[in-house]
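A.B. asks: Got a structure for you, written out below as structure tokens; questions coming shortly.
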Amino acid sequence: MLYVLSADQHSIWITERLSKWNRQSHEVRDREMQLHHTNQQLRLLTAEELDEPDNCRKIEAQSAAERTNGRRLTGLVNGGEERVRQAMRNPEFGVGHLEKWAEMLQILKDISGNRMPNVADLLKQSSQALVVAANSPAKPAPAAGQIRDTRPGARKPGEPSPPQPVVPIVVDKESSQQPGKKADGEEEAPSKS
């Protein structure tokens, strides 16, 4: 069945569809705010608390929920783009309204395409890292750079290092341009070279 609408009728129909889309986008936003609150709570947990199986499952569930909400937002963005395209064909819609809708869609598109998948990926990686860390013995993480700390009491090369996290880290400290101190607290004389 094919409906033929006047410009006014089409404007009303598109406005109703845009209102429905707006309500759905608010639901997705509210869900994302809930997920964000849970992410903040997870961030406050200590390493020991994160190692608990319940929290590992919670992180995995959070990752799945972030992915689901991201897919839902992507669908909304695609539907919103189609509605704006249809509204652009109708001269009854003001240009200012269409520009606002287009800007909002661009922001939502960026969030659904970039930010939400990144959060879900980070949560998934952290849950997998926790499982791997729990199942493997502690070994030093790979590090880029050298520790050039010459302070008294600093770890000497060849000494065993304290346990480090599984996540790779970058370690590089600036060596001092001043000559080192002797054990009794006096400075060495600078070399003549």
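A.B. asks: Just one of (1) assigned to a helix (DSSP H, G or I); (2) of a type in the set (A, V, I, L, M); (3) surrounded by 11 or more Cβ atoms within 10 Å (Cβ to Cβ) trips up residue 33, so point out which.
C.D. replies: Single failed check for residue 33: (3).
A.B. asks: For residues that are hydrophobic (A, V, I, L, M, F, W, C) and under 12 Å from the mean Cα position of the chain (by Cα), scanning just the range 98-119, find the one that is surrounded by the most Cβ atoms within 10 Å (Cβ to Cβ).
C.D. replies: Among them, the one singled out is 116.
A.B. asks: Now for a separate question. Just to be sure before I move on: is residue 113 small (Gly, Ala, Ser) and farther than 24 Å from residue 16 by Cβ in the structure I sent?
C.D. replies: Yes, satisfied.
Yes/no matrix, rows are residues, columns are (1) over 19 Å from residue 121 (Cα atoms); (2) surrounded by 14 or more Cβ atoms within 10 Å (Cβ to Cβ); (3) in contact (Cβ under 8 Å) with a residue 40 or more places away in the chain; (4) more than 17 Å from the chain's Cα centre (by Cα):
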| residue | (1), (2), (3), (4) |
| --- | --- |
| 4 | yes, no, no, yes |
| 26 | yes, no, no, yes |
| 46 | yes, no, no, yes |
| 49 | yes, no, no, yes |
| 54 | yes, no, no, yes |
| 69 | no, yes, yes, no |
| 80 | yes, yes, yes, yes |
| 87 | yes, yes, yes, yes |
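A.B. asks: It is to be established whether one or more residues within the range 8-19 are within 17 Å of residue 107 (Cβ to Cβ) and surrounded by 12 or more Cβ atoms within 10 Å (Cβ to Cβ).
C.D. replies: yes
None of the figures in this text is laboratory data; all of them are computed from the coordinates on show. Being a predicted model, the structure only gives us computed values, none of them experimental. Positions of Cβ are backbone-derived with ideal geometry, glycine not excepted, and every protein chain shown enters the neighbour counts.
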